[in-house]
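Engineer: Next up is a structure, given as structure tokens.
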Amino acid sequence: METMRARYGVPLGITAVGAAGLAYAACFEVRSFRLRRITVPVLPRGMRPLRVLQVSDIHMVSGQRKKQRWLQSLAGLRPDFVVNTGDNLSDPEGVPEVLDALGPLMEFPGAYVFGSNDYYGPMLRNPARYLLEKTSGKHGLNGNPPAVGAIHNPWTELRDAFDAAGWVGLSNTRGRLKLEDIEIALTGLDDPHIKRDRYAEVAGGPDSGADLSLAVVHAPYLRVLDAFAADRYPLILAGHTHGGQLCIPFYGALVTNCDLDTRRVKGLSQHQAGGHTSYLHVSAGCGTNRYTPVRFACPPEATLLTLTPQTP
């Protein structure tokens, strides 16, 4: 009996701990929605603070009622404007539920970019591939062969609904939001993860005629961050990383699913290029790929950014 305990006790204990961790990640944390609040000093001196709600990586699957209700409740924050940094879908049938969830937020001024999962449905894949991609430096279609047999999502329905609500589409283009007496200029890119970004079409830096210029992209690839920072954008908003999604407590993320370092996988940081420093905010998002519906040590989130005047 003692021999059997020595042989099987530790493996069974590890199995039990692993099962408990998986149950927590799949049944509790993935639905434990949080609001991150941060302050970013990027406004011209004398300008009133602005409250920007960033939502990202919703990855809606039909039937996710708690996520829908939580997103609807964010309208109670009364932001000055909303920025949606993409990957709204993880189910071709999920468009009505995305629009229902975002309906109250679409009453506010807003802007959006799309991510790869707005265009294409997710595919079942071994999670270990993310570690292999990190080692090889190849992510998405950046260095990998084109995807075969991808499901096409009805992204045009999302686009048309966002546009009808007055949200500004920023896929490789510029746009503006008028907030009473404040003019916000935005420059956006289509998703670099699948090589849809075309920076040459929006190059040139902030709009000098606006009170504030912001840069928006789904996936924070270094080539994009370098271009925005070198062009002197004060703040870049991105998503895509899921904050690492499966993190190690007291250590952090293992992967970012792009070439951004894990130290900046979520939250506010800085990015330097061309002699200029920009603030970078990466949202950990509030969803997951439908085939890996777990989060660990990385709760789903949205972010309320309060933009304040720059310090002298």
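The values are calculated or read from the model by the stated rules, or taken from the named source; none is laboratory data. Worth saying up front: this structure is predicted, and the values here are computed from it rather than measured. Cβ atoms come from the backbone with ideal geometry, glycine included; neighbour counts cover every protein chain shown. Ligands, DNA and RNA are excluded from the accessible area calculation, which covers all protein heavy atoms including side chains. Shrake-Rupley method; radii C 1.70, N 1.55, O 1.52, S 1.80 Å.
Engineer: Please list, ordered by first then second residue, the pairs with beta carbon atoms under 7 Å, 6 or more apart or interchain, first in region 288-302 and in contact (Cβ under 8 Å) with a residue 24 or more places away in the chain and within 9 Å of H242 (Cβ to Cβ), second aliphatic (A, V, I, L, M) and surrounded by 22 or more Cβ atoms within 10 Å (Cβ to Cβ).
Structural biologist: Note: pairs meeting the criteria are T288/V30; R295/V30; C298/A284; P300/V30.
Engineer: Within region 153-172, is there a residue that is at pLDDT below 95 and open to solvent by 50 Å² or more (accessible area, probe 1.4 Å)?
Structural biologist: Scanning region 153-172 turns up no residue that is at pLDDT below 95 and open to solvent by 50 Å² or more (accessible area, probe 1.4 Å).
Engineer: A further question on this structure: Determine whether N126 is free of Cβ contacts under 8 Å to residues at least 24 places away in the same chain, open to solvent by less than 50 Å² (accessible area, probe 1.4 Å), in a loop (DSSP other than H, G, I, E, B) and not aromatic (F, W, Y). Walk me through how you get there before you give the answer.
Structural biologist: Values: free of Cβ contacts under 8 Å to residues at least 24 places away in the same chain: yes; open to solvent by less than 50 Å² (accessible area, probe 1.4 Å): no; in a loop (DSSP other than H, G, I, E, B): yes; not aromatic (F, W, Y): yes.
Judged against the criteria, N126 is not a match.
Engineer: Right, here's the next one. Output yes when any residue across region 222-233 is out of contact with any helix residue (DSSP H, G or I) (no Cβ under 7 Å at 6 or more places or on another chain), in contact (Cβ under 8 Å) with a residue 60 or more places away in the chain and under 17 Å from H281 (Cα atoms), and no when none is.
Structural biologist: no
Engineer: State the number of residues belonging to region 23-60 that are closer than 23 Å to V282 by Cβ and open to solvent by less than 60 Å² (accessible area, probe 1.4 Å).
Structural biologist: Taking region 23-60 first, the residues closer than 23 Å to V282 by Cβ are 25, 29-43, 49-60.
After this cut, where a residue has to be open to solvent by less than 60 Å² (accessible area, probe 1.4 Å) as well, the list is 25, 29-30, 32-33, 35, 38, 40-43, 50, 52-60.
Number satisfying all stated conditions: 21.
Engineer: Pairs under 8 Å by beta carbon, first residue under 17 Å from Y130 (Cβ atoms) and open to solvent by 30 Å² or more (accessible area, probe 1.4 Å) in region 248-269, partner in a loop (DSSP other than H, G, I, E, B) and aromatic (F, W, Y), six or more apart or different chains?
Structural biologist: Taking only residues 6 or more apart or on different chains, the pairs are D259/Y221.
Engineer: With respect to the numbered conditions (1) assigned to a strand (DSSP E or B); (2) touching a residue at least 40 places away in the same chain (Cβ under 8 Å); (3) surrounded by 17 or more Cβ atoms within 10 Å (Cβ to Cβ), which one is the sole condition not fulfilled by K178?
Structural biologist: (3)
Engineer: Then there is this: Any residue in region 209-220 that is modelled with pLDDT of 95 or more and part of a helix (DSSP H, G or I)?
Structural biologist: no
Engineer: Now for a separate question. May I ask you to list the residues in region 88-123 that are out of contact with any Ser or Thr (no Cβ under 6 Å at 6 or more places or on another chain) and open to solvent by 70 Å² or more (accessible area, probe 1.4 Å)?
Structural biologist: Listed by number, the residues that qualify are P96, D100, E107, Y120, M123.
Engineer: Considering only region 69-104, how many residues are of a type outside the set (F, W, Y) and within 17 Å of the chain's Cα centre (by Cα)?
Structural biologist: Here the count works out to 14.
Engineer: Restricting to region 274-287, and then to whatever is open to solvent by less than 10 Å² (accessible area, probe 1.4 Å) and under 17 Å from the mean Cα position of the chain (by Cα), can you tell me which residue is nearest to M60 (Cα to Cα)?
Structural biologist: Within region 274-287, the first condition is being open to solvent by less than 10 Å² (accessible area, probe 1.4 Å), and the residues that meet it are 278, 280-287.
Next cut, under 17 Å from the mean Cα position of the chain (by Cα) only: 280-287.
Numbers: L280: 25, H281: 22, V282: 19, S283: 16, A284: 15, G285: 12, C286: 9, G287: 7 Å.
Result: G287.
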